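This report concerns only the one structure given below.
Please treat every number below as a calculation from the coordinates, not as lab data. What you see is a predicted model; the values in this text were computed from it and never measured. Here the Cβ is made from the backbone with ideal geometry for all residues, glycine too, and neighbour counts use every protein chain on show.
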Amino acid sequence: MLLAIDAGNTNIVFALMEGADIRQQWRLETDAAHAGDSCQSWLSEALEGAGVDAAAIDGAIIACVVPKALQPLKDTCAALFGVSPLVVGEDGVDIGIEVRISSPGDVGADRLVNAVAAHHEVEGKCIVLDFGTATTFDVVGADGAYLGGVICPGINLSLKALYEAAAKLPLIEIREPENGRVTGGSTEEAMQSGIFWGYVGLIEGIVARLRAEHGGITRVFATGGLAGIFAEHTEAIDCVDRDLTVKGLRLIHDRNSNQDNP
């Protein structure tokens, strides 16, 4: 079995995979992974609770955008499974696509992994929209090359900034305004409308501009926890796949394993 680890700024996703199938997933706050011993203990308990023998895990791969979390995660894989994980972005790890921008090393590992997964799903140019700590839009060429993208403040980050900067504004949850109305009848409703319909407008506007800039876009993927709620309210999103990053990690692991064992 393979353990695919997607370490973002807010959460780390641990996905246990048998072939292309995701058997189990767990989430851990990224800050908690900075301490190696606590990460090992937490993951060991999660595996035990799911009835998974750690000895059955014979491979691991990590996409990490938080430098402090990387070494504890590598140590965890070595301690629990006796494996040295592949790390996307490290020398010798072939992701199978070209990064066609001026500074390839600046692209977050998760965005490249998403590009790999999206290209595997569809032939032709596509866009990946990822709702994470940041909201990102990435363009994948017809040949699978990563062509660049857009980074916007994430929704939760925007709400937190608004709450902290304005004394009279409450901290609200992200949901569609009641009855789909745009005009809010209270401060809370006005905020919900602003964040929800504001991001719908952002999605539609950026996707439209990317389509105009890169002719021949065949599909727009959305991933991340909030992908579903927004996809229901805009035609700019064609497909929601919350497991896109994990699928990309599996593809990269398979590619490198096959190279090691032709």
With the calculation restricted to Cα positions, what are the radius of gyration and Dmax of region 193-262 in angstrom?
16.1, 55
Within 10 Å of each candidate Cβ there may be at most 15 other Cβ atoms; applying that plus a DSSP loop requirement, which trypsin sites (Lys or Arg not before Pro) in region 71-168 survive?
R100, K168
Run the numbers for E29 and A50: contour at 0.36 nm per residue of separation, minus the present Cα-Cα distance, in nm.
5.6 nm
Taking only the alpha-carbon atoms of the chain, the convex hull volume per residue, in cubic angstrom, is 147 Å³
How big is region 1-84 in terms of Cα radius of gyration and Dmax, in angstroms?
11.5, 31
Around D110: net Lys/Arg minus Asp/Glu count, Cβ-Cβ under 12 Å
-2
Cα centroid separation - region 198-262 against region 78-123, whole Å
15 Å
Considering only region 2-87, what is the antiparallel percent among its DSSP beta bridges, to the nearest 5?
65 percent
For region 32-173 the translational diffusion coefficient, Stokes-Einstein from a Kirkwood Rh over Cα pairs at 4 °C and viscosity 1.567 mPa s, in µm²/s, is roughly 73 µm²/s
